[in-house]
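Structure first, commentary second.
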Amino acid sequence: MWMCIAVFLLWMRPGGCTEKANISLLIEYTAADFYEKLHSGKMMFIYFEHQVSPTVALFLVELEKSAEALQDYGILVGKLDCNKELVHTYCMEERVLHTAFLFRGGKEFLGFDLDTVFDVNSIVSEVLFAILREEVKYVHTDADLLAMEKAARGRKDLVLGYVLSLGTQEHRSMMETAYVYGSKYQFILITGGPVLKHLGADEQSHSSQVWFLHCRLHSGHRTSDRCPFTRMRKALSTLSLHSFLQLMEAPLVTEVYEDPSSVKPPQFPYQQTPQVFLFAHPATEHLDRETATTLAWRLRGLALLVLVHRQSPAVKTPEEYNAAYRLPGKNLDVKYLTLHDLDEVLELFTNQEKEEEEDEGMEEEENSHFELDDEVAASVYESRGNLPDVDSITHLTSENFHATVAQSSMTVALFYLKWDAVSMAFLSSFIEVADRLEEKAFSGSVVQMSAVDCGEWTNLCAAQTGSSLPLPFQPITAFPSVLMLRPNESAQRYRGMLGAEALHRFIMLSLQASPVRLSTPKEVTSFLQEVPHPELVGYQPERVLGLFETQTDTGVSLFTEAAKSLRGEVLTGLLTDELAEKWAAEHSVDLPALFVFPSWRTPARPLFLSVPTSVKELLAHIRSALLHPLPELTVENLPSFLSLGKALLLLFVGEEEDEIGRRQNQALVEEMRGVVELGGGRMKSYLACWIHLGRTPAGMSVLGSYLGSMPPLPALVLTHFPSGDEVYQFPPSAPIAAPSVLRWLQRVEAGTETPAGMLGDASWPPAFDFYDFLKIMDTQEPEAALKQTPADEDDMEKDEENEGKNIAEEEATGSSSRFPTSENKADIHSEL
């Protein structure tokens, strides 16, 4: 009796319990019923039936099954038999034979081809996707995602779902959840592409995944434009996604003042979630809270973190334990641990069956949750327990410096600080290069890899050893710094990328003679065509060939000095006498002359330069000739181009999805080349260049920071003026054509264009107040001054007098052991 009543209330249809199996929510409409419901504004999903083929018959079965699910979202599901009565438009056109229609607000909203709504899951997911078109965004590129993150920052969190294809069970789960939570979160859908690379996911994976992007509470001190994210580890379903979103609302860290055994297990809806306990001591409370927050981000979605304050007398846990955990289930006992690494906690909650598959992507993904203000610092912090093996490098000190450098034909010296994150990150790459060079022979040359800890040997890094022998370098003011040291020669600074490959290539090129003296045609051919060393196979170095009448020509000494400055960057060769005259005659040039072979030109088409009267001019001419007229900017070459001091006329192009997109990008680059050629001398103050956002995804963050938001692509901007921080954007609605760009540049020069943005402040403040050590020292100095005695004040006056003398001497000699000022900080390893 009561069961029958329950069924009646649930289904709201007449009939007894025995009729439940025959109840169908699929309504067969008449034309009058259809128009009545249509004018009432109700949402309807209708199929207009003509001939019932096997395909249509199968669809009608699935349509009937979907009626129950769609009714929960206020959508009526039905069919209308056009063989019985006609409905204008929908029973008169052939297109409706394989189309089902969604009506909303009294009019047709969207039509669905039956191939896309072939079963219950596809019908429900596609219909809800259409209704939620404003709530659920579909993104194709990482640039689209970045723009959405910026728009949502501080307002709303994002839920991003990756489904293998639309119309699946996973797609339906995303849409059903979005229908419930759409006003609270911004839902995003992807089916692959470059967005997966940013998320650290494998596009070849055969499982759908969900990420929660924490944009609403995006901290203001973060340097990254991206919102931190948490991946849902369970298989995607409506229930698992609902539980995951509830877990994302749980407090990141809960602080208690009682023993873990007295803390209540997690209550609804977190009762199936493990608890992890860490302990905080009064003396290190700030650091312990930071450690707990860092671990909580890594455990997000896996466990709830509780920070226990030991200062409370209620905490009875012995001091030997620094962590504990409680698993859900019948046995709610707390287990205590002594941990040496945060990763040990993760191992407790990682699914053993998937451990091997997840290990590769877990570290990179979870590192994005670190509360540190810099990605490099976070990486160093994560690997702080795995110090690099330094046995393969020599440690230079004030005592052994001169003797060690004299033993090798070339010493590569790294000057670093242990507390500097970039230094420690690069130290691993430096040791990797040392290991590669350790057992290699280089035609009699001996390469010695060495390092100087400037925190310990401050006098050596300040170029003040106290020895009678002078040091071959100026004081080190930027860290890390790499110098090439050769006996009886001034040091050469390495200015390339701080990575193993770039440094290794620089060292291999530095081992070649500079310049190589060539005396036969065979030697010249070998110099221009062959790889200088097997280690450089696949790399095409740039080459410069100097041609002079005799060995005693005045230009030979200039070229030799310039060649030494170019070691590691360019291969240089020297031709004299009859062979030089022959080459000059073949190419119709007068001696002395320089043949420049840039990597972007074929060897058969060198550039010809005359020889100036100074080494400085000669280097400037060579570097200018090697510069690509329209270079593609990458992370690797950006520092060298910024060091030119020119304003950047920078074109951003997106990733091509097909051959048409590739041709469009190629046409845009050709237009930029036309700007350079048509502009002629006017373009000397600009560096025309371009960035391919598919090959250099970091360019998306750069473009967004220039303009404050992600503009449509392609985008052309003018920025990095030597005398200003303005950023100008070429009108997005105008086609990028050479004459139009030149007229726009003329308006910018005349001051009639309004900047679209400004370059950000180059300052890098401490992430937290208690990290601002200079401020702390300033507040402590007055207290220390009050405690000074007259004798202390006399000593300070004497020290100040001595310091003034030292500063005057340093200014007179042009050297200083101080850190960079505004005048000397233009080092390519500074904040770029």
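The values are calculated or read from the model by the stated rules, or taken from the named source; none is laboratory data. Just so you know, these numbers come straight off a predicted model, no measurement behind them. Because the Cβ atoms are built from the backbone with ideal geometry, glycine has one as well, and the counts that use them run over all protein chains shown. Each accessible area value is taken on the protein alone, full model and side chains, heavy atoms only, with ligands, DNA and RNA left out. Shrake-Rupley method; radii C 1.70, N 1.55, O 1.52, S 1.80 Å.
Using the structure shown, decide if L70 is within 10 Å of F45 (Cβ to Cβ) and buried (at least 19 other Cβ atoms within 10 Å of the Cβ). It is true that L70 is within 10 Å of F45 (Cβ to Cβ) and buried (at least 19 other Cβ atoms within 10 Å of the Cβ). Name the residue, out of L80, L97, that is out of contact with any Phe, Trp or Tyr (no Cβ under 8 Å at 6 or more places or on another chain) and within 17 Å of L63 (Cβ to Cβ). After ruling out the rest, the residue left standing is L97.
Check the range 233-248 and report whether any residue there is among the aromatic types (F, W, Y), surrounded by 20 or more Cβ atoms within 10 Å (Cβ to Cβ) and in contact with a Leu (Cβ under 7 Å, 6 or more places away or on another chain). Looking through the range 233-248, none of the residues is among the aromatic types (F, W, Y), surrounded by 20 or more Cβ atoms within 10 Å (Cβ to Cβ) and in contact with a Leu (Cβ under 7 Å, 6 or more places away or on another chain). For the range 475-517, taking the residues that are assigned to a helix (DSSP H, G or I) and open to solvent by less than 10 Å² (accessible area, probe 1.4 Å), the one that is nearest to A562 (Cα to Cα) is identified as S510. In this structure, is H281 within 19 Å of A324 (Cα to Cα), out of contact with any Asp or Glu (no Cβ under 6 Å at 6 or more places or on another chain) and open to solvent by 60 Å² or more (accessible area, probe 1.4 Å)? Judged against the criteria, H281 is a match. With respect to the conditions (1) more than 30 Å from A67 (Cβ to Cβ); (2) small (G, A, S); (3) in a loop (DSSP other than H, G, I, E, B); (4) open to solvent by 40 Å² or more (accessible area, probe 1.4 Å), A151 falls short on a single one, namely (3). Inside the range 1-40, can you point out the residues that are modelled with pLDDT of 85 or more, open to solvent by less than 60 Å² (accessible area, probe 1.4 Å) and outside any helix (DSSP H, G or I)? Across the range 1-40, the qualifying residues are Y29, T30. So which residues in the range 716-749 are among the charged types (D, E, K, R) and assigned to a loop (DSSP other than H, G, I, E, B)? Correct list: D725 only.
Residues of the range 468-490 being hydrophobic (A, V, I, L, M, F, W, C) and touching a residue at least 60 places away in the same chain (Cβ under 8 Å), which ones? If you could, list the steps in order and put the result at the bottom.
Filtering the range 468-490 for residues hydrophobic (A, V, I, L, M, F, W, C) gives 469, 471, 473, 476, 478-479, 482-485.
Within the range 468-490, L469, L471, I476, A478, F479, V482, L483, M484, L485 qualify.
Inspect all residues belonging to the range 127-138 and state whether any of them is over 29 Å from A57 (Cα atoms), surrounded by fewer than 19 Cβ atoms within 10 Å (Cβ to Cβ), free of Cβ contacts under 8 Å to residues at least 40 places away in the same chain and of a type outside the set (F, W, Y). Among the residues of the range 127-138, at least one is over 29 Å from A57 (Cα atoms), surrounded by fewer than 19 Cβ atoms within 10 Å (Cβ to Cβ), free of Cβ contacts under 8 Å to residues at least 40 places away in the same chain and of a type outside the set (F, W, Y), which makes the answer yes.
Scanning the range 181-197 for residues being touching a helix residue (DSSP H, G or I) at 6+ places or on another chain (Cβ under 8 Å) and open to solvent by 50 Å² or more (accessible area, probe 1.4 Å) gives a total of 1.
Among L609, L638, L650, L591, which is in contact (Cβ under 8 Å) with a residue 24 or more places away in the chain, open to solvent by less than 70 Å² (accessible area, probe 1.4 Å) and either acidic (D, E) or under 26 Å from L536 (Cβ atoms) (or both)?
Values: L609 fails: in contact (Cβ under 8 Å) with a residue 24 or more places away in the chain; L650 fails: either acidic (D, E) or under 26 Å from L536 (Cβ atoms) (or both); L591 fails: either acidic (D, E) or under 26 Å from L536 (Cβ atoms) (or both).
So the residue among L609, L638, L650, L591 that is in contact (Cβ under 8 Å) with a residue 24 or more places away in the chain, open to solvent by less than 70 Å² (accessible area, probe 1.4 Å) and either acidic (D, E) or under 26 Å from L536 (Cβ atoms) (or both) is L638.
Looking only at residues of the range 721-748 that are farther than 20 Å from G680 by Cβ and free of Cβ contacts under 8 Å to residues at least 24 places away in the same chain, we find that the one that is least open to solvent (accessible area, probe 1.4 Å) is G724.
For the range 157-180, give me each residue that is surrounded by fewer than 24 Cβ atoms within 10 Å (Cβ to Cβ) and aromatic (F, W, Y). Of everything in the range 157-180, just one residue is surrounded by fewer than 24 Cβ atoms within 10 Å (Cβ to Cβ) and aromatic (F, W, Y), namely Y179.
The residue list V452, V447 contains one member that is at pLDDT 90 or above and touching a helix residue (DSSP H, G or I) at 6+ places or on another chain (Cβ under 9 Å), which is V452.
Taken as a whole, the structure places D144 among residues that are crowded, with 17+ Cβ neighbours inside 10 Å and not hydrophobic (A, V, I, L, M, F, W, C). Among the residues of the range 528-556, those identified as open to solvent by 70 Å² or more (accessible area, probe 1.4 Å) and either closer than 14 Å to L619 by Cα or not hydroxyl-bearing (S, T, Y) (or both) are Q529, E530, P534, V537, G538, Q540, E549, Q551.
Screening G200 with (1) of a type in the set (G, A, S); (2) closer than 20 Å to F112 by Cα; (3) within 23 Å of the chain's Cα centre (by Cα) gives one miss only, at (2). Taken together, the criteria exclude T550 from residues that are out of contact with any helix residue (DSSP H, G or I) (no Cβ under 7 Å at 6 or more places or on another chain) and not aliphatic (A, V, I, L, M). Taking the listed residues S599, S526, the one that is of a type in the set (G, A, S) and more than 28 Å from P629 (Cβ to Cβ) is S526, with no other qualifying.
Residues being without any contact (Cβ under 8 Å) to a residue 60 or more places away in the chain and surrounded by fewer than 22 Cβ atoms within 10 Å (Cβ to Cβ): count how many of those fall in the range 571-583. Before the answer, list the steps.
In the first step, residues of the range 571-583 are kept if they are without any contact (Cβ under 8 Å) to a residue 60 or more places away in the chain; the result is 572-578, 580-583.
The next check asks that each one be surrounded by fewer than 22 Cβ atoms within 10 Å (Cβ to Cβ); those that pass are 576-578, 581-583.
Within the range 571-583, residues that are without any contact (Cβ under 8 Å) to a residue 60 or more places away in the chain and surrounded by fewer than 22 Cβ atoms within 10 Å (Cβ to Cβ) number 6.
Taking the range 594-606 as the region of interest, how many residues are among the hydrophobic types (A, V, I, L, M, F, W, C) and surrounded by fewer than 19 Cβ atoms within 10 Å (Cβ to Cβ)?
Kept after step one, since they are among the hydrophobic types (A, V, I, L, M, F, W, C), are these residues of the range 594-606: 594-597, 600, 604.
Adding the requirement that they be surrounded by fewer than 19 Cβ atoms within 10 Å (Cβ to Cβ) leaves 600, 604.
Residues in the range 594-606 being among the hydrophobic types (A, V, I, L, M, F, W, C) and surrounded by fewer than 19 Cβ atoms within 10 Å (Cβ to Cβ): 2 in total.
Counting the residues of the range 95-107 that are exposed (fewer than 14 other Cβ atoms within 10 Å of the Cβ) and assigned to a strand (DSSP E or B) gives 1. Residue pairs whose Cβ atoms lie under 6 Å apart, sitting 6 or more positions apart in sequence or on different chains, and linking a residue in the range 56-68 that is closer than 18 Å to D115 by Cβ to a partner that is open to solvent by 30 Å² or more (accessible area, probe 1.4 Å), are E62/D119. Here L63 meets the list (1) at pLDDT below 90; (2) under 21 Å from E176 (Cβ atoms); (3) surrounded by 13 or more Cβ atoms within 10 Å (Cβ to Cβ) almost entirely, failing just condition (1). Out of curiosity, is Y706 touching a Ser or Thr at 6+ places or on another chain (Cβ under 9 Å) and assigned to a helix (DSSP H, G or I)? In short, yes. Considering H198, H218, the condition of being of a type outside the set (G, A, S), closer than 28 Å to M700 by Cα, in a helix (DSSP H, G or I) and at pLDDT below 85 is satisfied by H198 alone.
Regarding S557, is this residue more than 20 Å from S450 (Cβ to Cβ), out of contact with any strand residue (DSSP E or B) (no Cβ under 7 Å at 6 or more places or on another chain) and free of Cβ contacts under 8 Å to residues at least 24 places away in the same chain? Walk me through how you get there before you give the answer.
Working: more than 20 Å from S450 (Cβ to Cβ): yes; out of contact with any strand residue (DSSP E or B) (no Cβ under 7 Å at 6 or more places or on another chain): yes; free of Cβ contacts under 8 Å to residues at least 24 places away in the same chain: yes.
Yes, satisfied.
For the range 237-296, a tally of residues being of a type in the set (D, E, K, R), within 32 Å of the chain's Cα centre (by Cα) and in a loop (DSSP other than H, G, I, E, B) returns 1.
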